[in-house]
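Asks: Questions regarding the structure given below will be posed in turn.
Rule-based calculations on the coordinates, nothing more; no lab input. This is a predicted model, so every value here is computed, not measured. Glycine also receives a Cβ, built like all others from the backbone with ideal geometry; neighbour counts cover every protein chain displayed.
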Protein chains: 4
Amino acid sequence: MSLTPDQQAEIETLRSTSVPTLRAVSEGMEAHLYKAYPVLDHGFVRVIDYMGDDAAICQAARVSYGKGTKSVQNDEGLIRYLMRHWHSTPFEMCEIKLHVKLPVFVARQWIRHRTANVNEYSARYSILDREFYIPQPEQLAAQSVINNQGRGEPLSAEASARVLEILKGDAARCYDHYEEMIGKEGEPDNLARELARMNLPANIYTQWYWKVDLHNLLHFLRLRADAHAQYEIRVYADEICKVVADWVPAAYSAFEDYRMGGATLSSKALDVVKRMLKGEDVTQESSGMSKGEWREFRTLLD
Amino acid sequence: MSLTPDQQAEIETLRSTSVPTLRAVSEGMEAHLYKAYPVLDHGFVRVIDYMGDDAAICQAARVSYGKGTKSVQNDEGLIRYLMRHWHSTPFEMCEIKLHVKLPVFVARQWIRHRTANVNEYSARYSILDREFYIPQPEQLAAQSVINNQGRGEPLSAEASARVLEILKGDAARCYDHYEEMIGKEGEPDNLARELARMNLPANIYTQWYWKVDLHNLLHFLRLRADAHAQYEIRVYADEICKVVADWVPAAYSAFEDYRMGGATLSSKALDVVKRMLKGEDVTQESSGMSKGEWREFRTLLD
Amino acid sequence: MSLTPDQQAEIETLRSTSVPTLRAVSEGMEAHLYKAYPVLDHGFVRVIDYMGDDAAICQAARVSYGKGTKSVQNDEGLIRYLMRHWHSTPFEMCEIKLHVKLPVFVARQWIRHRTANVNEYSARYSILDREFYIPQPEQLAAQSVINNQGRGEPLSAEASARVLEILKGDAARCYDHYEEMIGKEGEPDNLARELARMNLPANIYTQWYWKVDLHNLLHFLRLRADAHAQYEIRVYADEICKVVADWVPAAYSAFEDYRMGGATLSSKALDVVKRMLKGEDVTQESSGMSKGEWREFRTLLD
Amino acid sequence: MSLTPDQQAEIETLRSTSVPTLRAVSEGMEAHLYKAYPVLDHGFVRVIDYMGDDAAICQAARVSYGKGTKSVQNDEGLIRYLMRHWHSTPFEMCEIKLHVKLPVFVARQWIRHRTANVNEYSARYSILDREFYIPQPEQLAAQSVINNQGRGEPLSAEASARVLEILKGDAARCYDHYEEMIGKEGEPDNLARELARMNLPANIYTQWYWKVDLHNLLHFLRLRADAHAQYEIRVYADEICKVVADWVPAAYSAFEDYRMGGATLSSKALDVVKRMLKGEDVTQESSGMSKGEWREFRTLLD
C-alpha cells in the first residue's frame, strides 16, 4: 500500500475528531472509519461513511410488516427470517461508502455491478501514479484445465520469474512513455492526458469512491468473495467482509449462513437428495443430471 | 398529523440521545432528524437518517478530477460547476432516508421514481388505520381547460360541500366495512387482510421508509416541487426542499439556480432569442414554433 | 375480461398483418402476440412486443465467453450452464413488452419490481372505467394463522356472501360518486380528475404497458408465481409463465429446474443433509435450526 | 475495421433471410440490421436487434394519457410534446441492441452509463486479438489550457511522430509478451488468461453487446455526441445517431431540437436575457454570474 505521509496524517486527523450525532451509530464500524486496509501490493479499502446498522434493518422491516413482525421476537431472529425469505428491501436501508484503490483490470470486473454509485479518478483530468500490480510469485498459475476460466496449477519457478520480468519491464516502459508524452508543464507538445492514458497497461492502479446499499453489497460479496472469483478481486471482497461483519453483525451472520455457506439445489438435485435419503444409491446416470451438474452436486455433499 | 403520544415521546427520546461519530455531520440536518413535519391533514415527512454533506460532494468530485479541480477555488464554486455541467455522480454520494406518511394516490405517483429504496407498510400483514385525506375546500378545483391534466377554477361553495360530503361518507363506510370483513381476533370468518384492503379508497393513508441519493432526490424535487405537479404531492416536495436546504446548503442553492429557477430552451427557442436580441420582432408564425411551444416560450420571458 | 368489439377487431387486424423482418423471430411467441389472455374477472395480459429468443441468449454469452463456451456443445446445455451459475447478463439480452389490465392493489405489489419500464393509464388525464375486481367465492379465505400474511381456511358461505355484498355495494357507490364529482363535459363545477380518483377503492382496474428484460422477468415470476404469492398476482404470473415457455423454451425449462422447482439450503441445512445421508437421525433440537426453519426444511424434503 | 471474411459472410447471410413477424417494424432500421459501420481504426457499431418505432412511443403515451392525448393531433406532435415536457417513460418503450467493438479506454467511459445491459468479451475465458487503437496524426493534440480536460492545439509533426512510435511500439511489445505468457496449448507453464491480460494497454480493442432503451440511449447520445465529449467516444455516438435517426425519425428530430441543439439557462441567465431584451446592456459584472458562467452564456447567444 502506498499512502503518503500526508494521507496518513489526514486519516489520523479524521479519526481523532468525533462529533455528536443523533443518527444511528454502529460502534463496530466507527472503529474502521477512514482506516486504509492494504489489499494486494499497492491497493487498499477504506470506509468513508456509512448509514444504518442492524437495528435500522429491523426498523424498516417493522414499517413494512407492522404488528405482523411481533411474532419474531428479537432483531436477530427477524434478520434471519428476512434473509431466509429473500425479503431484500430492509437490507437496502443501510448504505456504505468505500474508497478503494485497485488495478484497472479489477475495476473493470467490479463495475459490472451496476446498482452502485461511483466516482473514479479521471485520467482525462489528472495524471495517474506510477503504481502497478505485480503478483506475488505464488499467485502465478496456469489456465485451469477443468474450468474454462480461472487458474490451475502454479507455474514453475523459471516461468514465474519470466512472467514477473515481463510485467515489471512493460509497466516501467509504458509508464516512462506515458510521462514522456504528457511532458512537462509549460513546455510545448504535451499530449492530452485523455490520449496519453491509452498507453497504460491494465495492472496500473486507479481509485474510486464506491457507494452501495447493504443488499447489493452482499450480492457483490457472494459473487466476489466466492472461491471461484478471481483472486485479485476476492482479496478486496474478503477485506470488505471483515468490515461488514463488524458493521451489521446480525445481518452478516445470516448472510454467512444463508448465502455464503448455503447452496441452491435444482429441482433434479432436490429429487436426488430425497431418493438418497430413502436409501437409494443414485448415480450420475440415474440422476438425470449432466456430468458437470453431477460433479458440482457431489462436491456440495462431500 | 396524527402522531400518538407514544410516537411523540419516541421522537423526543431519539432527539435527546446524541452519540459521538467520526463521520461527516451536517449541523443543519441534525436539527431536523426524527422530527415529523406535518403535510396535508394526516401526513408527515421525517428524516430518519442521512449520509454526507456539501463537503462530501466535493470530496468525491476531487477523487474524480484530482488536481484538475484545483482551479475551482472553493467548495461552493465547485458545486455550482458540477451542477451546471450535469456532473451528477458526486451528488449521488449523499443519501437520505425519510419516513413519509401519505395518501395512497400520492404514493402511486411517488413510486414512479424507481431509483430509490422503499419499505412500505404492508396491508397484507397489518391493518391500516382509519385515516383518510379530505382536501381543504379551497383545494377543490375543476379540471383545467388549458392542460389536459391538473386543476383550473375553484368549485362553487355548494359543489365543494357536496364533494366533501361524498369523500367523508364513502371513506367512513368503506372503512367500517373493511373492519367488519377483517373481524375480531379469535372469531371465525375473518377475511384475510390481503383481500379486505381492496375495499379501501385511494385517499387512505399509508406510510413508508424511502431512501434515495441526493442526485435522484433533486430530480424528484424538480418534477414534484414544480408548479405543474399535483398539489397533494407538491406539498411533500416543498417540505423536503426545506430540509435539503439545511442539509446541503451549497448544493441546494445551485439546484435552485440551475434547475428549479432555470429553463431549457429548444434549438428553435434559442434561435428566436438571438433574433430578438438583434432587434427582430418575432411572432409565433415567424418563430417556427407550434402555438403550445410559443405560449410556453413567452411565459418564460415575461 | 372486457374487451370492446373495437379492441377485439384491432387485435384481429394486428394479428392478420405480418411484415418481413431480418430480426430474430420466436415462432412460439408470434402465436401469442397481441392476444388478450383473461385473468381474474376483468383483467388480461397481452404481449405487445418482444426482442430475442433462446439463440439470442447464447449469442450474447458467446460474445462474453468466446471460444471458452465451445465446450458446452449446444444451446440448451449452455443455457442450463448459465442459469445454474447465475450468469444473468445473457438473459438480459431478451426483452418483452406486456399490456396488462389489473386491479390497483395488484398493481401496487407489481410495481415494487423496479427494474422495468412502465406506462400506466393516468387517472389525472382520463376517466377510469367502472370495472372492479370481485373475487370468486372460493377465493374468500381467512387470514392465515401460520404465516403472518396470506390466506388460510375458506370463509363460511354466509360470511362469503356478506363480503361480496360489501365489495359490490361499496364499489358501485364509490364509482357513482366518482362520476358525480367529475360531472358532465361542459357543465360547471366538475371536480378535477386528479382529485376525484381518490374516492375509488383499490379493486378498481387500471392498465399499463410493462416492459422488462428476461432476467428480471424470471426474477418476478419466481416470486410471484410462487405458492406463497397472493393469489391475485399469482394468476397473472402463471399466465405470463405460459407465454415465456413458448417464447424461450430452453431458458424457461432451465428456470423451472433451477429456480421454480429448486431450493436454497442454508449452511446449517446443508450440514444436516450431510449428517442425514450418513445415517444420523437429526431432530430440530440437534439441527441448530429454529422451529420455523426446521418446519420449512422438512417440507422441502417431504 | 477488421471483420474476417467469415464474419462478413455471416452478416450477408443474416441480411438475406427475412422472416414474417406480427411485431412493429421500422423500415429505416431494417436497412441497418447487422451491418458493421466502421469507427476508428478497428472498431465498429452494429445493430443486432431493436424493439418498437415512433408509433410504439405514441401507443405507450396513449395508454398513459388516454383520451387526454387526443388534443395533440398526430404522432409527431405528440412526440415533440413528450420530449419538451420531459415525459420520458414512453421513450423507454423502445429498445436497441448493439454490437460494438471499441478500445478499452473508451469502454471504460461508456460503462459509466449504468442503465443498460452489457455482455463483454471476457479476457478470463478468451484471448484478445492483436488490435490496438492508434490515433490518426491529426487527432494528436495537446492538453487544453481552457478546460481542465480535453484537447487543445494539435501537436507538431515531430511530436506526433514520436507519440505514434511510442504507441505502436509499446502495443506490439506488450502483445508479444501477452502471447508469450499465455503460451501454446498443450505446453506447460501457460499463464492463466485472467492474469496475462493485465499486461495489455488501454488502447487494445474489446467488444460487447450493449442493450439500452431509447430514453437512456438519447441521454447517452446527448452527453457523448456533444462537442465536449472525448473524440474517441464521440465518433461512436455520431454513428449511433445516424442509426437512431432512421429508426425513430420523429423522436430523433425532437431530440435534436430540444436536447442536442437546445440549452439550459440558469435562473440568473434567464434573468439576464429578460434584461437584455428590455434593452439593458448587461456585463459580466452586472450579470451576477461567475466568469466561467458568463463565458459559457455568451457562447450560447453568439
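Asks: Which whole-number percentage describes the relative contact order of region B:134-202, with Cα contacts under 8 Å and a sequence gap of 6 or more?
Replies: 23 percent
Asks: Can you give the local net charge around A:Ala254? Use residues other than it whose beta-carbon is closer than 12 angstrom to its beta-carbon, Lys and Arg +1, Asp and Glu -1.
Replies: Result for the local shell: -2.
Asks: Stretched out fully, how many nm does the piece from D:Asp129 to D:Arg15 gain, at 0.36 nm a residue minus the Cα gap?
Replies: Fully extending the segment from D:Asp129 to D:Arg15 adds 38.4 nm.
Asks: While we're here: How many nanometers, to one decimal and shortest first, lie between the label point of B:Ala55 and those of its other copies, if labels sit 7 Å from Cα toward Cβ?
Replies: 2.6, 6.0, 6.0
Asks: Sticking with this one: Test of understanding: express the Cα radius of gyration of the protein assembly as shown as a ratio to 2.2 N^0.38 Å, with N the residue count.
Replies: 0.95
Asks: Return an integer: the convex hull volume of the alpha-carbon atoms of region B:225-302, in Å³ per residue.
Replies: 108 Å³
Asks: Consider just the alpha-carbon atoms of region A:160-252 and return their Rg together with their Dmax, both in angstrom.
Replies: Reported Rg and Dmax, both Å: 19.4, 60.
Asks: Just from the alpha-carbon atoms, what are the Rg and Dmax of region D:1-51 in angstroms?
Replies: Values for region D:1-51 (Cα only, Rg and Dmax): 12.4, 39 Å.
Asks: Let me ask another. Take the Cα atoms of chain D, build their convex hull, and give its volume per residue in Å³.
Replies: 183 Å³
Asks: With a cap of 13 neighbouring Cβ atoms within 10 Å, and only residues DSSP puts in a loop, list the trypsin sites (Lys or Arg not before Pro) found in region C:164-218.
Replies: Filter output for region C:164-218: C:Lys184.
Asks: Tell me, what HN-Hα J-couplings in whole Hz come from the Karplus equation 6.51 cos²θ - 1.76 cosθ + 1.60 at θ = phi - 60° for each residue of region D:17-30, using x for Gly and Pro?
Replies: 10, 9, 10, x, 9, 8, 6, 4, 10, 9, 4, x, 7, 4
Asks: Build a GNM of chain D with springs between Cα atoms under 10 Å: which of D:Arg15, D:Arg224, D:Arg46 gets the top mean-square fluctuation?
Replies: D:Arg15
Asks: If you don't mind, there's one more thing I want to ask. Put +1 on the Cβ of each Lys and Arg and -1 on the Cβ of each Asp and Glu in region D:160-218; which of D:Asn190, D:Gln207, D:Leu217 then has its Cα farthest toward the positive end of the dipole?
Replies: It is D:Leu217.
Asks: Only Lys, Arg, Asp and Glu count, each charged at its Cβ (+1, +1, -1, -1), so figure out the dipole size of chain D about its Cα centre, rounded to 20 debye.
Replies: Dipole of chain D, to the nearest 20 debye: 1180 debye.
Asks: Please give the peptides C:5-12, B:78-85 ranked by average Cβ packing (other Cβ atoms within 10 Å per residue), highest first, as a rough proxy for protection.
Replies: B:78-85, C:5-12
Asks: Let me understand region C:95-182 better: what is its radius of gyration from the alpha carbons, and its Dmax, in angstrom?
Replies: Gyration radius and largest Cα-Cα distance of region C:95-182: 16.7, 47 Å.
Asks: So, in chain A, how many Lys pairs have Cα atoms under 18 Å apart, if the pair is 8 or more places apart or on different chains?
Replies: The result is 11.
Asks: Right, here's the next one. Take the Cα pairs of region C:142-202, get the Kirkwood Rh, then feed it into Stokes-Einstein at 10 °C and 1.306 mPa s and tell me D in µm²/s.
Replies: Approximately 111 µm²/s, per Stokes-Einstein.
Asks: Hey, another quick one. Cβ under 12 Å from C:Leu40's Cβ, C:Leu40 left aside: what net charge do those residues give with Lys, Arg +1 and Asp, Glu -1?
Replies: Within the 12 Å Cβ shell, the charges total -3.
Asks: Can you compute the charge dipole magnitude of the protein assembly as shown about its Cα centre, using +1 on each Lys and Arg Cβ and -1 on each Asp and Glu Cβ, nothing else charged? Give it in debye, rounded to the nearest 20.
Replies: 0 debye
Asks: Nearest to the axis that maps chain C onto chain A: list the chain C residue whose Cβ wins, with the distance in whole angstrom.
Replies: Closest to the rotation axis on chain C: C:Thr264, 2.
Asks: If you put a point 7 Å past Cα along the Cβ direction, how far is that point for C:Arg15 from the same point in each other copy, in nm, smallest first?
Replies: Reported distances to equivalent positions: 3.6, 6.3, 7.0 nm.
Asks: Also, I was wondering about something else. How charged is the neighbourhood of B:Ser2? Take every other residue with its Cβ under 13 Å from the Cβ of B:Ser2, and add Lys/Arg as +1 and Asp/Glu as -1.
Replies: Net of charged neighbours comes to -2.
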